[in-house]
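This report refers to the structure that appears directly beneath it.
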Amino acid sequence: MKNLNIVLVEPQIPQNTGNISRTCAVTGARLHLIKPFGFEITNKQLKRAGLDYWDKLDISYYENLNDFFKRNTGEFYYFTTKGKHVYSDVDYQDNAYLIFGREDQGLNEDLLYKNPERCVRIPMRNNLRSLNLSNSAAIAAYEVLRQWNFPDLSREGQLTKYIWQKEG
């Protein structure tokens, strides 16, 4: 299976991190959390959003962004409202890292400026600030997985009261 990595740089809102952890658990993506956080990992709001999935996560913690870059290699994509490219136009390769900044500030502009070809944007109306972080991470993760043909993910659900009829 290909490796997908979701990276949160200094997340501030526990519910967003909890929701993103749930997305990582159900898709098999690895979660990378870069300090400082705006909450404690033991925060009940964080765990409530992803509680029954927390033990299913492949998760790594980092002291800062430099620590993250020292310990990881691969294709880095910086998700930002300031991006020059549309996220769905990128051809994501194995070991892709989807990097998201703080809810209140986004990613550092020095980092973005040094990586213009890796800055991607989810299209939205110009007069509004941005999508919610957990929504953005889910949109991005599922675009990568769609390109990879949803590896190791179930494509068919089952009813609890009925059995689906065979098509054809």
| query | What angle do you read, to the nearest 10 degrees and between 0 and 90, between the alpha-carbon axis of helix 133-147 and the longest principal axis of the chain? | reply | 60 degrees
| Greater than 28 Å apart at Cα, pairs in K2/K56; K35/K82; K56/K114; K56/K82 | K56/K114; K56/K82
| Segments 151-161, 9-19 sorted - mean Cβ within 10 Å per residue, highest first | 9-19, 151-161
| said: How big is the dipole moment of segment 4-147 about its Cα centre under a simple scheme where the beta carbon of each Lys and Arg is +1, that of each Asp and Glu is -1, and everything else is neutral? Debye, nearest 20, please. | reply: 300 debye
| Helix axis angle, 14-27 relative to the chain longest principal axis, alpha carbon, degrees | 50 degrees
| remark: Within segment 4-147, the percent of DSSP beta bridges that are antiparallel, given to the nearest 5, stands at 5 percent
| request: Give the residue from G106, S60, C119 lying farthest towards the positive end of the charge dipole for the chain; charges sit on Cβ (+1 for Lys and Arg, -1 for Asp and Glu) and the dipole is referred to the Cα centre. | output: G106
| Not counting the cut sites, what is the longest span of the chain without chymotrypsin sites (Phe, Trp or Tyr not before Pro) that DSSP labels loop and that have at most 11 other Cβ atoms within 10 Å? | 1-161
| segment 24-168: relative contact order in percent, alpha carbon pairs under 8 Å with at least 6 residues between | 21 percent
| note | When the charge dipole of segment 4-147 is computed with +1 on Lys and Arg Cβ and -1 on Asp and Glu Cβ about the Cα centre, the Cα farthest towards its positive end, among A29, Q93, A137, belongs to A137
| What share of all Cα pairs of the chain, in percent, falls into each consecutive 10 Å distance bin? | 10, 38, 35, 13, 4, 1
| request: As a check on your grasp of the helix formula, calculate [θ] at 222 nm for the chain: sum -39500 (n - 2.57) over DSSP H runs of n ≥ 4, divide by the residue count, round to the nearest 500. | output: -8500 deg cm²/dmol
| query | Calculated FRET efficiency, Y113 and L153, Cβ-Cβ r, R0 30 Å, to nearest 0.05? | reply | 0.25
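The numbers here are math on the coordinates, done by the rules we state, and not lab data. Computed from a prediction, not measured in an experiment: that's the story for all the values here. So basically every Cβ, Gly included, is an ideal-geometry build from the backbone, and we count neighbours across all protein chains shown.
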